[in-house]
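Okay, so here's the structure we're looking at.
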Amino acid sequence: MTPDPLPSGRAYSKGFEAIGYTDLQGRPGFKMALHRAGSGSTERWYLYTAQFWCSGFSIVEVTDPSRPRFVRYVEGTPNTWTLQVQIADGKMITSMERIMPGWGDQPGQPFGEGFLIWDLADPEDPKLLGHHRTGGKGTHRNFYAGGRYVHATALPDGYEGHIYQIVDIEDPANPREVSRWWRHGQWIAGGEQGAPAETALHGGAYVRGDRAYLPYSGGGFVILDISDITRPRLVSDLSFSPPFAARIAVHTSLPLNGRPLVVVNSEAIAERCDEPLQFAGIVDISVETRPRLISLFPLPLPPEDAPFRSFAERPGRFGPHNQHQPQFQDILWQDENLVFITWFNAGLRVYDISIERQPVEVGYYLPPDPQVRRGPLPKTGLVTQSEDVVVDARGNVYLSDKNHGIHVLRFNRPAR
């Protein structure tokens, strides 16, 4: 099969080489996950990507990342967001959620909710094992690094904003909720009120040992003790709004293994920066009851020969979104001195954080602007909107976009 050609138009790059591309048959990808099947001469690598603007996911073989082979599209439940995939232990977790108004929803029509559990014994033909139903509007982003528990970002009935839910999938045909945690004020059916503005668990928990690190949007950065999986307990929290934007003030919180640090970032929402400042930075948790912000990443600057003075002048969103998350998987990139993070209309940025109080941008890749509109956003102009990034253990970088397919890149790490 002839691979899809790289999109035409000007790309800007520092340290990256574009080696491959898949158009996904015209269905833009969003959140991505990797799976390795077989060994030795039979080893195969697969990229699974949730779709933007339609329900379902696509499977792409990336054994040779320079020649991605589109395998198939698996259609999802109609009128449903299926924005995320998580893979570990040969299982795949795919989210289902009611679509927000303005993002392609069909008002008044049925939708799917919760998450699905798949078996990847045949990586090109996943088999459905079970369905966890949250009730309400379903799950947005979930965390699964193997074992029996899925750490879900759920919006069950009776709550304002997404909450944290732990689900036991040891029997995948009969998943069961073990516990849940929320910020006081979210349980409106229970008479609560007074939650901080825009309180909602958004980017999904990140679990390390007996701690869960929660990016709680306007509710800040939260650390939970989950040593008793049935009774999550608050350890500490750190507010970010104000002064930063409240809508998704903390989108991702990624703890490092070798240092008592958590890389956090917000999510830009308003186009043309019509909102308070967005950020990415580092939180010191050496005293976990007293987390503190110790540095901020420098904002991306346009290349010298770019036809604009600032990314804030471009259409679409400008600001951080998703980080590469290694999640203890041996098929994923594990270097904790580099942070790969998408920045919407500024493309993919790479930061060296070996000196945690002085993050430095060391590379970027700004894809060509899309030529074909696949969905209603961005409204202010059809430009790059880099969404998610995953880096495999071989050093291949996969980058998704609202109106593109998947770019495959290689990064040549510079000396600091």
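The values are calculated or read from the model by the stated rules, or taken from the named source; none is laboratory data. Quick caveat: nothing in here was measured; it's all calculated off a predicted structure. Counting neighbours? That spans all protein chains shown, and the Cβs are built from the backbone with ideal geometry, glycine included.
Structure values in brief
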{"read-out": "Extreme residue, surrounded by the fewest Cβ atoms within 10 Å (Cβ to Cβ), among residues of the stretch 357-373 that are closer than 15 Å to residue 24 by Cβ and either hydrophobic (A, V, I, L, M, F, W, C) or within 20 Å of the chain's Cα centre (by Cα) (or both)", "value": "372"}
{"read-out": "Exclusive hit being among the hydrophobic types (A, V, I, L, M, F, W, C) and more than 20 Å from the chain's Cα centre (by Cα), set 33, 18, 88", "value": "18"}
{"read-out": "Subset of the stretch 24-52 (residues that are among the hydroxyl-bearing types (Ser, Thr, Tyr) and surrounded by 18 or more Cβ atoms within 10 Å (Cβ to Cβ))", "value": "46, 48, 49"}
{"read-out": "Count - residues of the stretch 285-329 that are small (Gly, Ala, Ser) and surrounded by 19 or more Cβ atoms within 10 Å (Cβ to Cβ)", "value": "2"}
{"read-out": "Test: residue in the stretch 341-356 that is surrounded by fewer than 23 Cβ atoms within 10 Å (Cβ to Cβ) and of a type in the set (Gly, Ala, Ser)", "value": "yes"}
{"read-out": "Index of the failed condition, residue 398 passing every other in (1) more than 21 Å from residue 57 (Cβ to Cβ); (2) at pLDDT 95 or above", "value": "(1)"}
{"read-out": "Failed item in (1) of a type in the set (Val, Ile, Thr); (2) buried (at least 17 other Cβ atoms within 10 Å of the Cβ); (3) farther than 24 Å from residue 293 by Cα, with residue 188 passing the rest", "value": "(2)"}
{"read-out": "Lone unmet requirement of (1) touching a Lys or Arg at 6+ places or on another chain (Cβ under 8 Å); (2) farther than 19 Å from residue 73 by Cα; (3) crowded, with 23+ Cβ neighbours inside 10 Å; (4) not acidic (Asp, Glu) for residue 139", "value": "(1)"}
{"read-out": "Any hit, the stretch 288-300, residues being assigned to a helix (DSSP H, G or I) and either touching a Leu at 6+ places or on another chain (Cβ under 6 Å) or under 21 Å from residue 389 (Cβ atoms) (or both)", "value": "no"}
{"read-out": "Total residues in the stretch 21-53, condition closer than 23 Å to residue 323 by Cα and either of a type in the set (Asp, Glu) or not in a helix (DSSP H, G or I) (or both)", "value": "22"}
{"read-out": "Number of the condition not met by residue 399 [criteria: (1) assigned to a strand (DSSP E or B); (2) surrounded by fewer than 23 Cβ atoms within 10 Å (Cβ to Cβ); (3) among the aliphatic types (A, V, I, L, M)]", "value": "(2)"}
{"read-out": "Residues being in a loop (DSSP other than H, G, I, E, B), closer than 17 Å to residue 262 by Cα, out of contact with any Lys or Arg (no Cβ under 8 Å at 6 or more places or on another chain) and not aliphatic (A, V, I, L, M) - total across the stretch 178-213", "value": "2"}
{"read-out": "All positions within the stretch 332-369 that are among the basic types (Lys, Arg) and free of Cβ contacts under 8 Å to residues at least 24 places away in the same chain", "value": "none"}
{"read-out": "Residue within the stretch 95-103 that is touching a Phe, Trp or Tyr at 6+ places or on another chain (Cβ under 7 Å), under 19 Å from residue 139 (Cα atoms) and part of a loop (DSSP other than H, G, I, E, B) present", "value": "yes"}
{"read-out": "Scope the stretch 306-325; condition touching a residue at least 12 places away in the same chain (Cβ under 8 Å) and part of a loop (DSSP other than H, G, I, E, B); matching residues", "value": "306, 314, 315, 316, 317, 319, 320, 321, 322, 324, 325"}
{"read-out": "Matching residues, the stretch 224-266, being outside any loop (DSSP other than H, G, I, E, B) and under 19 Å from the mean Cα position of the chain (by Cα)", "value": "252, 253, 254, 255, 262, 263, 264, 265"}
{"read-out": "So residue 297, is it closer than 22 Å to residue 397 by Cα and in contact with a Cys (Cβ under 6 Å, 6 or more places away or on another chain)", "value": "no"}
{"read-out": "Which listed residue, of 183, 176, 148, is touching a Pro at 6+ places or on another chain (Cβ under 8 Å), over 23 Å from residue 30 (Cα atoms), of a type outside the set (Gly, Ala, Ser) and free of Cβ contacts under 8 Å to residues at least 60 places away in the same chain", "value": "183"}
{"read-out": "Subset tally (residues that are among the charged types (D, E, K, R) and either closer than 23 Å to residue 325 by Cβ or assigned to a loop (DSSP other than H, G, I, E, B) (or both)) for the stretch 267-287", "value": "4"}
{"read-out": "Qualifying residue in the stretch 31-51 (condition: of a type in the set (Phe, Trp, Tyr) and within 26 Å of residue 302 (Cβ to Cβ))", "value": "no"}
{"read-out": "Members of the stretch 1-23 that are under 24 Å from residue 350 (Cβ atoms), surrounded by 17 or more Cβ atoms within 10 Å (Cβ to Cβ) and in contact with a strand residue (DSSP E or B) (Cβ under 6 Å, 6 or more places away or on another chain)", "value": "12, 13, 16, 18, 19, 20, 21, 22"}
